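What follows is a short report on a single structure.
The values are calculated or read from the model by the stated rules, or taken from the named source; none is laboratory data. Since the structure is predicted, the reported quantities are computational estimates derived from the model, not experimental observations. Backbone-built Cβ (ideal geometry, glycine too); neighbour counts: all protein chains shown. We work out accessible area using only protein heavy atoms, side chains counted, and drop any ligands, DNA or RNA first. Shrake-Rupley method; radii C 1.70, N 1.55, O 1.52, S 1.80 Å.
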Amino acid sequence: MASLHSSLLLPPNLFSLTTPSSSPRHILLNLRPSTTHLRPLLTTRRRFGKPLAVAEQATAAEAERRLYVGNIPRTVNNDELANIVQEHGAVEKAEVMYDKYSGRSRRFAFVTMKTVEDANAVIEKLNGTELGGREIKVNVTEKPLSTSDFPLLQAEESQFVDSPHKVYVGNLAKTVTTDTLKKFFSEKGKVLSAKVSRVPGTSKSSGYGFVTFSSEEDVEAAISSFNNSSLEGQKIRVNKA
């Protein structure tokens, strides 16, 4: 029993050192890990000594190189966007955002540049220029969400009820909330759910949202009643999602 008990306690890489012929004294010595065996664990603890400081520095450094590119044509993909941007600086990654329900481009993307200088050059050269007949917006991404913001936005996302009877609502004012959107469209039909899309990783509105209904008739009524209507001072676009 002594051999079985000690074998279970030994680290996996020390099993071969304990044999049936080992004396109790020898087994006892093997049960006390050497400082060499402990060194990786101690190193790991030292690494986690200042986890927040290291994480914040890394996040801040990347945030200064990460660009938001908005109002891009739906036809632009990752490679095309990278080719456009890299004319003004070295691109590390380009990612167009797509709606997980419709599969269509959400008309914005994130581009991470190699350096802060590259990022600044792209903003200077491309912000306000035209791409496919659309004036694009290029700027450094928003400050990341604080920990306290995540539960609220996660709850908002989880409460959204998807449906095949859905409309896309574009050109929303930044002040429009999910509740505002739902109440506005409830005037002309039975609204199942609504949500304002957020710029990933932030609480900032992406300028568009979705509203779901219980029937196709409600969808048609919403489009005919609210397309080009005004919501909090901005004329909105409403079409089938």
How many residues of region 79-107 are open to solvent by less than 60 Å² (accessible area, probe 1.4 Å) and assigned to a helix (DSSP H, G or I)? The answer is 4
Check A241 against each of (1) crowded, with 18+ Cβ neighbours inside 10 Å; (2) closer than 26 Å to I72 by Cα; (3) modelled with pLDDT of 90 or more and name the one condition it does not meet. (3)
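Report yes if G189 is over 20 Å from the mean Cα position of the chain (by Cα), surrounded by 13 or more Cβ atoms within 10 Å (Cβ to Cβ) and within 30 Å of I136 (Cβ to Cβ), otherwise no.
Values: over 20 Å from the mean Cα position of the chain (by Cα): yes; surrounded by 13 or more Cβ atoms within 10 Å (Cβ to Cβ): yes; within 30 Å of I136 (Cβ to Cβ): no.
No, not satisfied.
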Restricting attention to region 133-159, which residues are among the hydrophobic types (A, V, I, L, M, F, W, C), touching a strand residue (DSSP E or B) at 6+ places or on another chain (Cβ under 7 Å) and either buried (at least 18 other Cβ atoms within 10 Å of the Cβ) or modelled with pLDDT under 80 (or both)? I136, V138, L153
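Output yes when any residue across region 172-180 is surrounded by 13 or more Cβ atoms within 10 Å (Cβ to Cβ) and either at pLDDT below 80 or touching a Pro at 6+ places or on another chain (Cβ under 9 Å) (or both), and no when none is. Spell out how you get there, then give the answer.
We begin by selecting, within region 172-180, every residue surrounded by 13 or more Cβ atoms within 10 Å (Cβ to Cβ); these are 172-173, 176-178, 180.
From what is left, the residues that are either at pLDDT below 80 or touching a Pro at 6+ places or on another chain (Cβ under 9 Å) (or both) are none.
Looking through region 172-180, none of the residues is surrounded by 13 or more Cβ atoms within 10 Å (Cβ to Cβ) and either at pLDDT below 80 or touching a Pro at 6+ places or on another chain (Cβ under 9 Å) (or both).
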Of all residues making up region 102-140, the number that are touching a residue at least 60 places away in the same chain (Cβ under 8 Å) and polar (S, T, N, Q): 2
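Across region 205-234, what is the number of residues that are among the aliphatic types (A, V, I, L, M), under 17 Å from K183 (Cβ atoms) and surrounded by 21 or more Cβ atoms within 10 Å (Cβ to Cβ)?
2
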What are the pairs with Cβ atoms under 9 angstrom where one residue, in region 64-91, is free of Cβ contacts under 8 Å to residues at least 60 places away in the same chain and among the polar types (S, T, N, Q) and the other, located anywhere, is assigned to a loop (DSSP other than H, G, I, E, B) and surrounded by fewer than 20 Cβ atoms within 10 Å (Cβ to Cβ)? Sequence gap at least six, or different chains. T75/G132
